[in-house]
Amino acid sequence: MVGLEFNILGTSAGGGRRGQINLPHRAVQTPVFMPVGTAGTVKAVPQDVLETLGAEIILGNTYHLYLRPGHEAIRRMGGLHRFMSWPRAMLTDSGGFQVFSLAQLRKVTDEGVRFQSHLDGSSHFFTPEHSIDVQIALGADICMAFDECTEYPADRSRAEESLRLTMAWARRSLDHFRAHQHEVPWHDELGGRKQSLFGIVQGGMYKDLRRESAERLVEMDFDGYAIGGLSVGEPPELTLEMIAEVLPLLPADKPRYVMGVGYPDQIERYARMGVDMMDCVLPTRAARHGLLFTSEGRINIKGARYAEDQGPADPACNCPVCQRYSRAYLRHLMQAREALSGTLNSIHNLAYYLGIMERVRKSLAIKGSELAS
Ligand SMILES: [Zn+2]
């Protein structure tokens, strides 16, 4: 079976690299920003628009899809790609982050986590094996090992204990994945192609724990590596320090993914340091609150100053929203609480984020070809 192929097409002195990840449903150009499709939808944005914007890979949240409509239902419908009619690549998280941030009455043991659904209070038990079973049923191109996202702040002993759990769960995730990955719903359809599994570096804000975590995961030999437990309330300098500490320890020939970041300047910076993949709810969540990212900085479209502003959200943007609608209209939609408001604002913000990565890719490719010539 063919695993994940990652080709590096260009590099820069700062460590940045342009590459291509060949996944079962799409060859994805990196560095890439992945819009978050929480419950089988990137909130308020239809799939055909995501394609138009150039999104090549999106996220699905295992916790949400497991609770509703349920992973077995999705398996019976051919997997998440077919269920939501998204033919391009997809990544599912392990469910761990939501179990720890949304679910109620959690009880963590070495075996797994018992928790109550935030929807109806029903009781569930998640183990690394179960998380992998759910992710195989959903059928994303890339699955994530089950981990505990260490909270911030966490004292040393708490971070050590959390890391011990995450490393044991990584091993179990990998073993179970290898034994069951042929059960993916599209196995026969895309014969020979298979899902990939990434390990997640944790360790709180302790550099030595981060190093230990990275080294142990690399020994286990995952298809790619993520840095998790960042953007959990720590100052941005610390986020940057942890990424800088871990990146050089991860194999250069495998994708590196920083989870849950960040603001536009941050994702650009991380991409230029050699991070290949990032995801964040920020562009879509902020959009629903009227916060637009533009080449002129952040604007709050609710502001009275835009009431009769006939210019586009961002004069430098060529997204479908900026080509067609004025700031005055976007402001009106928010004021009137029209459903279209979240859609248009989200489309622009996603276009802005995807555009940053496109620019970074272009600059890296130029440098790469200069180096080669
Ligand atoms: Zn735009």
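Annotations
- Value of relative contact order over the chain, rounded to a whole percent, pairs C-alpha under 8 Å and six or more apart: 19 percent
- Across the alpha-carbon atoms of segment 148-227, the computed radius of gyration and Dmax are 15.0, 48 angstrom.
- Degrees separating the helix 236-246 axis from the principal Cα axis of the chain, which is the longest one: 40 degrees
- Of 15, 297, 203, the one that fluctuates the most in a GNM where the chain has Cα springs shorter than 10 Å: 297
- Candidate lysines for bridging to residue 362, where Cα separation is under 23 Å - those fewer than 8 sequence places away on the same chain excluded: 254
- Annotation note: GluC sites (Glu not before Pro) in segment 223-302 located in DSSP loop regions with a Cβ neighbour count of at most 13 within 10 Å are 296.
- Computed over the alpha carbons of segment 279-373, Rg followed by Dmax gives 15.5, 56 Å.
- In the chain, helical runs assigned H by DSSP with n ≥ 4 each contribute -39500 (n - 2.57); averaged across all residues and rounded to the nearest 500, the mean residue ellipticity at 222 nm is -12500 deg cm²/dmol.
- Taking the three principal axes of the alpha carbon atoms in the chain, the coordinate ranges are 59, 58, 48 Å, sorted in descending order.
- Scaled radius of gyration (Cα, divided by 2.2 N^0.38 Å) that segment 297-343 gives: 1.05
- Among 288, 26, 337, the largest mean-square fluctuation in a Gaussian network model of the chain (Cα springs under 10 Å) belongs to 337.
- Computed label-point distance, nm, for sites residue 318 and residue 157 using a 7 Å Cα→Cβ extension: 6.0 nm
- DSSP beta bridges confined to the chain are antiparallel in about 50 percent of cases.
- Helix axis angle, 264-273 relative to the chain longest principal axis, alpha carbon, degrees: 50 degrees
- Relative contact order, percent, segment 156-222 [alpha-carbon distance under 8 Å, six or more residues apart]: 40 percent
- The tail of the calculated P(r) for segment 177-319, taken as Cα-Cα distances beyond 23 Å, holds 51 percent of the pairs.
- Placing +1 on the Cβ of every Lys and Arg and -1 on the Cβ of every Asp and Glu, with no other charges, gives the chain a dipole of roughly 860 debye about its Cα centre.
Values quoted throughout were computed directly from the atomic coordinates according to the rules given, and no laboratory measurement underlies them. Computed from a prediction, not measured in an experiment: that's the story for all the values here. So basically every Cβ, Gly included, is an ideal-geometry build from the backbone, and we count neighbours across all protein chains shown.
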